[in-house]
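The values are calculated or read from the model by the stated rules, or taken from the named source; none is laboratory data. All of these numbers come straight from a predicted model, not from anything done at the bench. In this analysis, Cβ positions are derived from the backbone assuming ideal geometry, glycine residues included, and neighbour counts consider all displayed protein chains.
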Amino acid sequence: MHIFIRTVLFGALAFSHAVQSGETPGGATYSGELFSRSTLTGDWGGVRNDMAEHGVTLDLNATHVTQHAASGGYDGSLLSQFPGNRISQSFPRLKETASDAMFNMLLKIDTGKAGLWPGGFLTVRGEGRVGDSLGIRTGGLMPSNGDALSPQVPNHANQEVLALTELTYAQFLSEKFGVAFGLMNVADGDKNEFAGNLRSRSQFMNVGMRISPVMGAVVPLLTTLGATVIIHPTKNIIGTAGFINAEETAGYNPFERNKGTTFLTEWQFKHTLAGLPGKQTFGFAYGFDRKKLDYGTDPRLHLASILRTGEAVKTNADIWALYYNAHQYIQGDSKGGWGPFVRAGVSDGHPNPVKWSVAFGLGGVGVGSWRPHDNWGIGGYALGASDEPTLNRLGIHDETGLEAFYNAAFTPWLHVTADVQYVNSALTGANLPGLGHLPAVILPGPKEAWVVGVRTNLDF
């Protein structure tokens, strides 16, 4: 049922995979007993199944996250010695515990099943968010709660927002070739079966585990205008290539936020090793004609609160990044098994603030016959910061982190994830210049942080 025609490379890949496996929006049934059916509200008296048979599906889900900074990070003992007004400007609303909720509505129409024309797919997505995340409280460059980044409306970080985040049309001209265009949602990119991606709601929570951070300065976080082609030469190979605007447009008129263009291409290769399934993904992105790149506006790097008090880095330089991820089952398969995963990336480092990144670990589906539908993962990440002078003055260097999660499927529509993270921050202290009547201060770096969290995902 779940075909994601997101595209611009990332969404197109997810969509192409669904086409390859024979899934269609009309292939699902919502009927069944309360604790065994796919969604909480069921088939709506048969209406939902009838809609799906005619190529129309409407999926609704909500995610709630509570996280607690158990120790370390930017705590009161680090900040109490400095002027309150100065620190409150740099680190607003520091909390030990924070909760937020994200809402997602996804409408999909298969024009063939709707009796219109074959090969066409329309996708409409709306997302909302309420509450607060821990933000910079943990002290890491990588947000500890990647779910809180959707939707990412520019200039509205950690605020209540509601936005249209996808309006895409895809047309397959043959089984091996298609095109897609519109308001794209790129959060499904860089997907790994064990580690997930930004769209995942049942895997790792730290952004350093879910994507290659080198892509942060090249690709918008969530939504932008674009177009792509989908190439599907064999059943085990899927490739895409496309262009998107370089600016995030969620919550804004997308035609008014069009500074710069990014070219993306990604190729996925399925394979077997000793009869066990695996997959490798290679991608490349190149951004050009972007009139400015402000490190302080990217919430994925958590630099906004610091850079507001100092020099914002702006540039018109081109930018590029390469990334790779892979997983390999060494026992079983996606219906029940486990194995290692890895993801890595490298960038120009100028102006990209993250020069290289890597994440690795183990993941699995099921815990024997006792909990066959649960999934779990344990791993770590590391990233290397650019040697840009401004970043050096802010004391931003390399960062490492560890994370473990267990996602329990209580029903097909109710999943609860327990999560623990350790963050050894890249921030080692900063010299903050004076701001107006406020004096310059030397801000200490955060302590090594431990973060625990619980995530609940509900499909309606």
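Would you say G345 is in contact with a helix residue (DSSP H, G or I) (Cβ under 9 Å, 6 or more places away or on another chain) and crowded, with 17+ Cβ neighbours inside 10 Å? If you could, list the steps in order and put the result at the bottom.
Details: in contact with a helix residue (DSSP H, G or I) (Cβ under 9 Å, 6 or more places away or on another chain): yes; crowded, with 17+ Cβ neighbours inside 10 Å: yes.
For G345, the condition - in contact with a helix residue (DSSP H, G or I) (Cβ under 9 Å, 6 or more places away or on another chain) and crowded, with 17+ Cβ neighbours inside 10 Å - is met.
Scanning the range 95-141 for residues that are in contact with a Phe, Trp or Tyr (Cβ under 7 Å, 6 or more places away or on another chain) and farther than 30 Å from F177 by Cβ, which turns out surrounded by the most Cβ atoms within 10 Å (Cβ to Cβ)?
R137
Here's the yes/no breakdown for (1) part of a strand (DSSP E or B); (2) under 20 Å from S202 (Cβ atoms); (3) not acidic (D, E):
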residue	(1), (2), (3)
E127	yes, yes, no
V130	yes, no, yes
S133	no, yes, yes
S144	no, yes, yes
Y169	yes, no, yes
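Anything in the range 99-121 that is part of a strand (DSSP E or B) and over 30 Å from M205 (Cα atoms)? List them, or say none.
Initial filter on the range 99-121 (part of a strand (DSSP E or B)): 99-110, 120-121.
Correct list: I109, D110, G120, F121.
Could you tell me which residue of the range 225-242 is surrounded by the most Cβ atoms within 10 Å (Cβ to Cβ), considering only residues that are out of contact with any helix residue (DSSP H, G or I) (no Cβ under 6 Å at 6 or more places or on another chain) and closer than 16 Å to E166 by Cα?
Here the residue is G226.
Which one of these does A187 not meet: (1) closer than 19 Å to H64 by Cβ; (2) out of contact with any Leu (no Cβ under 6 Å at 6 or more places or on another chain); (3) part of a loop (DSSP other than H, G, I, E, B)?
Unmet condition: (2).
Checking P351 against (1) in a strand (DSSP E or B); (2) farther than 17 Å from A382 by Cα, which single condition isn't satisfied?
Every condition holds for P351 apart from (1).
Which condition does M105 not pass, out of (1) closer than 30 Å to A408 by Cβ; (2) touching an Asp or Glu at 6+ places or on another chain (Cβ under 6 Å), if it passes all the others?
Only one criterion is unmet by M105, namely (2).
What are the pairs with Cβ atoms under 9 angstrom where one residue, in the range 249-278, is free of Cβ contacts under 8 Å to residues at least 60 places away in the same chain and farther than 21 Å from D318 by Cβ and the other, located anywhere, is among the basic types (K, R) and in a loop (DSSP other than H, G, I, E, B)? Sequence gap at least six, or different chains.
K270/K235
Which numbered condition trips up Y169, out of (1) in contact with a helix residue (DSSP H, G or I) (Cβ under 9 Å, 6 or more places away or on another chain); (2) surrounded by fewer than 24 Cβ atoms within 10 Å (Cβ to Cβ); (3) at pLDDT 95 or above?
With respect to (1) in contact with a helix residue (DSSP H, G or I) (Cβ under 9 Å, 6 or more places away or on another chain); (2) surrounded by fewer than 24 Cβ atoms within 10 Å (Cβ to Cβ); (3) at pLDDT 95 or above, Y169 is out only on (1).
Within the range 172-193, restricting attention to residues that are modelled with pLDDT under 90 and small (G, A, S), which residue is surrounded by the fewest Cβ atoms within 10 Å (Cβ to Cβ)?
Among residues in the range 172-193 that are modelled with pLDDT under 90 and small (G, A, S), the one surrounded by the fewest Cβ atoms within 10 Å (Cβ to Cβ) is G189.
Looking only at the range 103-133, which residues are in contact with a Pro (Cβ under 8 Å, 6 or more places away or on another chain) and among the aliphatic types (A, V, I, L, M)?
Answer for the range 103-133, where residues must be in contact with a Pro (Cβ under 8 Å, 6 or more places away or on another chain) and among the aliphatic types (A, V, I, L, M): just I109.
With the condition kept exactly as written, say whether any residue in the range 252-273 is surrounded by fewer than 21 Cβ atoms within 10 Å (Cβ to Cβ), of a type outside the set (D, E), out of contact with any Lys or Arg (no Cβ under 7 Å at 6 or more places or on another chain) and at pLDDT below 85.
Yes; the residues of the range 252-273 include at least one that is surrounded by fewer than 21 Cβ atoms within 10 Å (Cβ to Cβ), of a type outside the set (D, E), out of contact with any Lys or Arg (no Cβ under 7 Å at 6 or more places or on another chain) and at pLDDT below 85.
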